[in-house]
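Trainee: Starting off with a structure, shown below.
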Amino acid sequence: MKKLIICFCLLAIYGCSGYEPLFSTKKLSYYIIDIENENKNDLTEKISKRLNNYKSKNNNKKGYILKISSKMDNIISSKDKKGQVSSYEMIVNVDLRVFNEKSKQAIKTFKFNKNFIYNNQENKSDLNQYKKDILENIINKISQEIIIKLQSL
């Protein structure tokens with residue numbers, strides 16, 4: 001029985017040896033030279049931090065300079081019969097301008113818009129934590145979309 005368990009464990013370990021992350025920097029045809037945050041807010045900083053992994057000098061690949069600006073709004077989406085807020089909508093807008101090493105003009109401009117509607121909660125600390133989780137998910141999605149869009153240039 002022990003031999004069977006050991007064989008299974010070894011098979012599982014060797015079967016996972018070819019794992020590579022989906023957005024591995026080895027597979028990309030570009031690298032990021034620099035990221036400039038046009039408005040100094042937390043949202044832009046978090047997106048920049050996610051993209052910092054792709055800042056590596058490689059002479060065989062295209063290099064891009066990114067200029068990012070972002071804006072987030074939380075608006076009331078609906079109210080109940082008593083006039084109390086029942087749901088909110090979080091709207092995140094990110095503008096990305098892409099430059100190559102030599103150009104002063106942007107070679108491409110992208111706009112990313114994400115929104116999410118969520119219900120109000122009586123416990124405000126739970127609501128704040130839920131809003132933070134929603135924002136993190138939106139930032140992750142936008143960062144992945146930026147990586148994919150840069151790959152298509």
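The values are calculated or read from the model by the stated rules, or taken from the named source; none is laboratory data. Everything numeric here is computed off the predicted structure, so don't read it as measured data. In this analysis, Cβ positions are derived from the backbone assuming ideal geometry, glycine residues included, and neighbour counts consider all displayed protein chains. Heavy atoms of the whole protein, side chains included, go into the accessibility calculation; ligands, DNA and RNA do not. Shrake-Rupley method; radii C 1.70, N 1.55, O 1.52, S 1.80 Å.
Trainee: Whenever you get a sec, line up Glu36, Glu89 from highest to lowest accessible area (probe 1.4 Å, protein heavy atoms).
Mentor: Glu36, Glu89
Trainee: For a quick check of understanding: with a 1.4 angstrom probe and all protein chains in place, what accessible area in square angstrom does Lys61 have, to the nearest ten?
Mentor: Rounded to the nearest 10, that gives 50 Å².
Trainee: Then there's this: Quote the relative contact order of the stretch 30-153 in percent (integer), defining contacts as alpha-carbon pairs under 8 Å separated by 6+ residues.
Mentor: About 22 percent, as a whole number.
Trainee: Once you order the gyration tensor axes a ≥ b ≥ c over the Cα atoms, which shape class does the stretch 87-153 get: rounded for a/c under 1.5, otherwise prolate or oblate by comparing a/b with b/c?
Mentor: Prolate is the answer for the stretch 87-153, as a/c is 1.5 or above and a/b outweighs b/c.
Trainee: Contour minus end-to-end for Glu36 and Gln144, with contour as 0.36 nm per residue of separation and end-to-end as the Cα-Cα distance?
Mentor: 37.1 nm
Trainee: Excluding same-chain residues fewer than 8 positions from Lys131, which aspartates and glutamates have a Cα within less than 20 Å of its Cα?
Mentor: Within the straight-line cut-off, Lys131 pairs with Asp42, Glu45, Asp73, Glu89, Glu122.
Trainee: What FRET efficiency would be calculated for the residue pair Lys81, Asn52, taking the C-beta separation as r and a Förster radius of 35 Å, to the nearest 0.05?
Mentor: 0.15
Trainee: For Ala106 and Tyr118, compute 0.36 nm times the residue count separating them, minus their Cα-Cα distance, and round to one decimal in nm.
Mentor: 0.7 nm
Trainee: How do Thr44, Thr109 rank by accessible surface area computed with a 1.4 Å probe, from largest to smallest?
Mentor: Thr109, Thr44
Trainee: Using the Cα centre of the stretch 35-153 as origin and beta-carbon charges of +1 (Lys, Arg) and -1 (Asp, Glu), tell me which of Ser143, Asn115, Asn74 is placed farthest towards the positive end of the dipole.
Mentor: Ser143
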